[in-house]
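Asker: My questions all concern the structure below.
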């Protein structure tokens, strides 16, 4: 595409293979995107998770996908753990192949403990 600056075209995707034979597995993933120059003033996101190649038959399982966001300003950064969380429930015995969850906004944690109205949408 002629005329589009490289910093307008950032993004990435990654496939993570998780063995279904374990009860609890914490898969460390890699950084998907890093922007070092001409950073945008604001950003939008699309987080997507889809189950593929889940073997049949399966027992009841839950698959949790947690998204962390590390964002920097100048020479400092903060990591927002569990920025977004998806929970897939596979009741069995039919495979949940093809199940898809996506998000373009998240609910922030409470800013004032015990006050339900102190949350927001990002």
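Asker: Counting just the residues of segment 31-65 that are within 11 Å of the chain's Cα centre (by Cα) and part of a loop (DSSP other than H, G, I, E, B), which one comes out modelled with the highest pLDDT?
Answerer: 46
Asker: Moving to a separate point now. Residue check: is residue 68 touching a strand residue (DSSP E or B) at 6+ places or on another chain (Cβ under 9 Å), assigned to a strand (DSSP E or B) and modelled with pLDDT of 65 or more?
Answerer: yes
Asker: For segment 71-102, what are the residues that are assigned to a loop (DSSP other than H, G, I, E, B) and within 14 Å of residue 50 (Cβ to Cβ)?
Answerer: Listed by number, the residues that qualify are 95, 96, 97, 98, 99.
Asker: Just give me the residues in segment 103-122 being assigned to a loop (DSSP other than H, G, I, E, B), out of contact with any helix residue (DSSP H, G or I) (no Cβ under 8 Å at 6 or more places or on another chain) and at pLDDT 85 or above, in sequence order. Steps first, answer last, please.
Answerer: Of the residues in segment 103-122, the ones assigned to a loop (DSSP other than H, G, I, E, B) are 104-106, 108-115, 119-120, 122.
Checking the rest, the ones that are also out of contact with any helix residue (DSSP H, G or I) (no Cβ under 8 Å at 6 or more places or on another chain) come to 104-106, 108-109, 113-115, 119-120, 122.
Hits for segment 103-122 are 104, 105, 106, 108, 109, 113, 114, 115.
The values are calculated or read from the model by the stated rules, or taken from the named source; none is laboratory data. Everything numeric here is computed off the predicted structure, so don't read it as measured data. Please note: Cβ atoms are built from the backbone with ideal geometry, for glycine as well, and neighbour counts cover all protein chains shown.
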